[in-house]
Amino acid sequence: MSTALETHLPLITSFYGYDIAQYGERPGWKRKYRKLFAQCSAVLCLGARMQQAIVDLGCPPEKARIQHLGVDISSIEFMSRKWDKQEPLRVLIAATFRPKKGIPLALRALGRLKRDIPLQITIIGDAIDVPDSAPEKQRILSEIEHQGLASITSLLGARSYPSLLESAYQHHLFLSTSVTAPDGDKEGTPMVLADMAATGIPIVSSDHSDIPELIKDGQTGLLAAEGDIDSIVEKLTWIVEHPSRWEGMTQKGRKHIESEFDRVTQAMRLESIYDEIISAHL
């Protein structure tokens, strides 16, 4: 920021999630952010809820702009999913093992769902080198045992991006039930949802942070109430009972990602913001 002041160049700042959910709650950082907002020409964020949070921290509304991230749509093939009810419903979960990912909630919901239909569950992800991750892994493993899911759950650990996409095409449903963590940590817009929607897999996620920017409830996927097991089960049950609706929903999902989360389109939109800000300072 001091460099921008010294050179009289415009300053654009981007927020992604942790910087709002964690630092935004600390009084010292609130003061720093207000100073930053005063000097910035524009503040970029991932969605409408983050935008409001930034305004609530003191950013002038006209400076707070939504700028979505992007994925390489051209490299992701769309494939409609079909499910024969005589076979298990194959459910994919993919996330780092962090409390905000809500994986134990997903497992509890699947524990209830398996009473009614056969399931096969795949979990891609593992603990990472942060303090809350190893304990979360233990909670996940304990939940698998507690729900009686061990015999139908495959834990694949961390996988490469191509391997993740390959797994997506082998499953009927992607489940992602993010929540606000006990320490206040939240998602921004988890881009795995963009990748999954682009592949054509039906998605059940949660109405958390700016996930509604990615998944439009009832149109391109289903969003359960955050942290609500009954709501997650309700959304899963709808998916099970309406396989004929999958294709229409996932086609809309793909179009939404192409329109709002394609990396080429988003790069062009970002460039236009920079051009606008630079022109205003000439």
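The values are calculated or read from the model by the stated rules, or taken from the named source; none is laboratory data. Values in this document were obtained by computation on a predicted structure and should not be read as measured data. Surface areas here come from the heavy atoms of the whole protein model, side chains and all, with no ligands, DNA or RNA. Shrake-Rupley method; radii C 1.70, N 1.55, O 1.52, S 1.80 Å.
Principal-axis analysis of the Cα atoms of the chain puts helix 246-260 at an angle of about 20° to the longest axis. The residues of segment 202-282 expose on average 49 square angstrom of accessible surface per residue, using a 1.4 Å probe on protein heavy atoms. Computed over the chain with a Gaussian network model linking Cα atoms closer than 10 Å, the most mobile of Lys30, Lys216, Lys101 is Lys30.
Can you sort Val130, Val233 by 1.4 Å-probe accessible area, starting with the largest? The partial results should precede the final answer.
Working: Val130 50, Val233 20 Å².
Highest to lowest solvent-accessible surface, that is Val130, Val233.
Helix 133-146 and the longest principal axis of the Cα set of the chain meet at an angle near 20°.
Counted over all Cα-Cα pairs of the chain, pairs farther apart than 34 Å make up 25 percent.
For the chain, the share of DSSP beta bridges that are antiparallel, to the nearest 5, is 0%. Under the shape rule built on the C-alpha gyration tensor, where the axes satisfy a ≥ b ≥ c, segment 95-165 is oblate, since a/c reaches at least 1.5 while a/b does not exceed b/c. When the Debye formula is applied to the Cα atoms of segment 74-203, each taken as the same point scatterer, what base-10 log of I(q)/I(0) results at q = 0.13, 0.15, 0.17 Å⁻¹? Debye curve over Cα of segment 74-203, log10 I(q)/I(0) at q = 0.13, 0.15, 0.17 Å⁻¹: -0.53, -0.71, -0.91. Calculated from the alpha-carbon coordinates, segment 191-259 shows an Rg and a Dmax of 11.2, 32 Å respectively.
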